[in-house]
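Encoded as structure tokens, the structure appears first; notes follow it.
The values are calculated or read from the model by the stated rules, or taken from the named source; none is laboratory data. Everything numeric here is computed off the predicted structure, so don't read it as measured data. Here the Cβ positions follow ideal geometry from the backbone for every residue, glycine too, while neighbour counts run over all protein chains shown.
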Amino acid sequence: MNYQKIIDQQRSFFNSNATKDISFRIQELKRLKNALKKNEALLYEAIYKDFKKSEFETYVTELSIIYHEIDLALVKVKKWAKKKKVSTSIVNLPGKSYIIPEPYGSVLVIGAWNYPYQLSICPAIAAIAAGCTVVLKPSEIPSNTAEIMAKLINQNFDPKIFKVIEGSVKETTELLSIKFDKIFFTGSVGVGKIVYQAAAKHLTPVCLELGGKSPAIITKDVNVDMTAKRLVWAKFLNAGQTCIAPDYVLVSSSIHDKLLAAIKKHIEKSDYKVENQNYTQIINTKNLDRLNDMIDPQKVFIGGKGNEQDRVIPPTVLTDVEFSDKVMQEEIFGPILPVLTFDTIDEAIEKVKRFSKPLSCYVFTKNNSIKKKVLNEISFGGGAVNDAVMYFTEQNLPFGGVGDSGIGNYHGKYGFETFSHYKSVLQKPFWVELDLKYAPYSGKKLKWLKRLIG
């Protein structure tokens, strides 16, 4: 396939200014929602084939979020795209100043495998709402979802507006060699660095949604049962294959045993087993082997290693974990929860800071001063107090990382902003002009300028 030709067609269409029309953007967003709604059964079937993700989880964690993003954009895009007036300094009066949001142009979105619909289509929604043309490269790992996205989008959209390109490393590498006006990538830190380096050759701006070891800090004053319930759901949703899942727990040593007992109770209550249709498989054998290698049988409190035939690892909790253990050397990205202890909140914060800045951080506490201390002293992309993962669902909150966990953010208005350049304009009339800035210069003019400017 001639990728350069596709990009040239998209750039030519963008340069026609057709996408600047808000009604055009609304039309395309409605087209996308209709295509997805009409083919939901095919979407469920494809993702189940890839890693047995249930219809319930697929709707809750993928399609509902996509529909919500489209609906919000349909309502708000006119407001987001409006020219915004700002104040003008005295030296430029009677002029006026304003900011015009304009789309970047032709953009590349590279999706991730763990939430293949949501993490591919939501950035594309933001790009279309902003007025960009889009090339979407979904992850090839869940091949059936990549195929159905390509089929639905390529059948319903003009390729000069929105095009899905399937493939693996070779195709992605070729796409990255082409100049885009913006690149949006979701995936690992390692691949994120490759994307960033490729973009730098063209001075292309990027948004990188990466990951890291996201902690859950739990103090002694919490409601232990509710904390455990929320942790179990957040950690083992999608079999732990969630970039914002709690990667490890730091719990006050005084409630360590109580928390473990409560976690075990809620795992058993959730009935996460091989035969449970609502418990997702590990995406492939490679990742299954990687995860099994992290599980030290001597430290298993509940769960254990998975088998290759079913490609399922039961919810696994590890105790007596040290920072030197294999499970603490990289982001887990699976249903394994290491539990570590601390005696003081300063100790917990110090332990978190041993790692790069995490994508998410969760603190469970009733103590307001501890909450403020954690939020103030730990740098992270986003998070929650007394909950986990759910902050992702709030469209009024920007989602994105910091440092090694990412660059830029999206969701709702923030997605629109990610794919928009904010153009600054000063407008002045002809009928008046301040002569102080013009030569010949004098001490008198300098005095007046100092009075005006300060």
query: Does at least one position in region 171-185 carry a residue that is more than 30 Å from Ile370 (Cα to Cα), under 20 Å from the mean Cα position of the chain (by Cα) and of a type in the set (Asp, Glu)?
result: yes
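For region 281-302, give me each residue that is touching a strand residue (DSSP E or B) at 6+ places or on another chain (Cβ under 8 Å) and part of a loop (DSSP other than H, G, I, E, B). Break it down stepwise before answering.
Going residue by residue through region 281-302, those that are touching a strand residue (DSSP E or B) at 6+ places or on another chain (Cβ under 8 Å) are 281-282, 291, 294-296, 299-302.
Listed by number, the residues that qualify are Gln281, Ile282, Ile295, Asp296.
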task: For Phe24, indicate whether it is surrounded by 17 or more Cβ atoms within 10 Å (Cβ to Cβ), over 23 Å from the mean Cα position of the chain (by Cα) and assigned to a helix (DSSP H, G or I).
output: no
- line: Expected single match for touching a His at 6+ places or on another chain (Cβ under 6 Å) and not assigned by TED's automatic domain parsing to the domain that holds Leu119 among Thr341, Thr365, Thr319, Thr393 is Thr341
- prompt: Can you spot a residue in region 1-12 that is more than 24 Å from Glu171 (Cβ to Cβ), in the same structural domain as Phe180 (by TED's automatic domain parsing) and either at pLDDT 95 or above or of a type in the set (Asp, Glu) (or both)?
  reply: no
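For region 149-164, which residues satisfy the criterion of being among the hydrophobic types (A, V, I, L, M, F, W, C) and surrounded by fewer than 21 Cβ atoms within 10 Å (Cβ to Cβ)? Spell out how you get there, then give the answer.
Kept after step one, since they are among the hydrophobic types (A, V, I, L, M, F, W, C), are these residues of region 149-164: 149-150, 152-153, 157, 161-162, 164.
Matches in region 149-164: Ala150, Leu152, Phe157, Ile161.
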- prompt: Which members of region 42-88 meet the condition of being among the β-branched types (Val, Ile, Thr) and in a helix (DSSP H, G or I)?
  reply: Ile47, Thr58, Val60, Thr61, Ile65, Ile66, Ile70, Val75, Val77
- prompt: Any chance region 48-60 includes a residue that's farther than 18 Å from Asn278 by Cβ and within 20 Å of the chain's Cα centre (by Cα)?
  reply: no
Elements of type strands (runs of 3 or more DSSP E) in region 342-454, at least 3 residues being farther than 24 Å from Ile217 by Cα: 420-427
Hits in region 150-182 (condition: closer than 19 Å to Cys132 by Cα, in contact (Cβ under 8 Å) with a residue 24 or more places away in the chain and in contact with a Pro (Cβ under 9 Å, 6 or more places away or on another chain)): Val164, Ile165, Asp181, Lys182
